[in-house]
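Okay, structure first, notes after.
The values are calculated or read from the model by the stated rules, or taken from the named source; none is laboratory data. The structure displayed is predicted, hence computed values, not measured ones. Cβ coordinates were reconstructed from backbone atoms using ideal geometry, including for glycine residues, and neighbour counts include every protein chain displayed.
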């Protein structure tokens, strides 16, 4: 799959460990150096700001999508290639999804998790056929890996879908793996016993 744009979900906070900001900036640099357009939530704070700023310094194209309420709180990044202002979070997520060939999650909280899980679900259901990756940073996503493995073991995620979340700690390796990703083709995503 040829990737031209990556939607990145990440925290609007910096996190306790400086490594989170460093890795967000590193991902932005790597994506920009590869000529990938970044799509993200449009903020200038936390990991979001570090990601965008690093990509812009490298000459990358960075497109933000933010809600009017968040823009009004003065957290919108004013130096982006483009910034779209929408009314709702639902519209924000749909707009970002439409603009991207793949999705990547960096550390973040509830909003980050929500955005990424929705993208993965849309891939699982065939709403789109876009790869979903996680940049592992300092063990932050170890619990997510364990959750996916446990849900698969307990029959809540089909084994064929367990690989929908591609995880790697190296930005370049993660982007390479997303470019090689192939969608899972199943006649139905539901449990076979429900037929």
Inset, instruction - Can you confirm whether segment 134-143 contains a residue that is touching a helix residue (DSSP H, G or I) at 6+ places or on another chain (Cβ under 6 Å), under 24 Å from residue 22 (Cα atoms) and in a helix (DSSP H, G or I)? - result: no
Inset, instruction - Could you list, in sequence order, all residues of segment 76-93 that are surrounded by 15 or more Cβ atoms within 10 Å (Cβ to Cβ) and assigned to a helix (DSSP H, G or I)? - result: 89, 92, 93
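Per-residue answers, yes or no, for (1) modelled with pLDDT of 95 or more; (2) surrounded by 14 or more Cβ atoms within 10 Å (Cβ to Cβ); (3) closer than 19 Å to residue 118 by Cβ:
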{"site": "150", "(1), (2), (3)": "yes, no, no"}
{"site": "154", "(1), (2), (3)": "yes, no, no"}
{"site": "160", "(1), (2), (3)": "no, no, no"}
{"site": "166", "(1), (2), (3)": "yes, yes, yes"}
{"site": "169", "(1), (2), (3)": "yes, yes, no"}
{"site": "174", "(1), (2), (3)": "yes, yes, no"}
{"site": "178", "(1), (2), (3)": "yes, yes, yes"}
{"site": "183", "(1), (2), (3)": "no, yes, yes"}
{"site": "187", "(1), (2), (3)": "no, no, no"}
Inset, instruction - Could you pull out the residue among 160, 115 that is in a helix (DSSP H, G or I) and touching a strand residue (DSSP E or B) at 6+ places or on another chain (Cβ under 9 Å)? - result: 115
Legend entry - Pairs where the first residue, in segment 94-106, is in contact (Cβ under 8 Å) with a residue 24 or more places away in the chain and the second is crowded, with 17+ Cβ neighbours inside 10 Å and part of a helix (DSSP H, G or I), C-beta under 6 Å, 6+ apart: 102/178; 103/119; 105/116; 106/24; 106/47
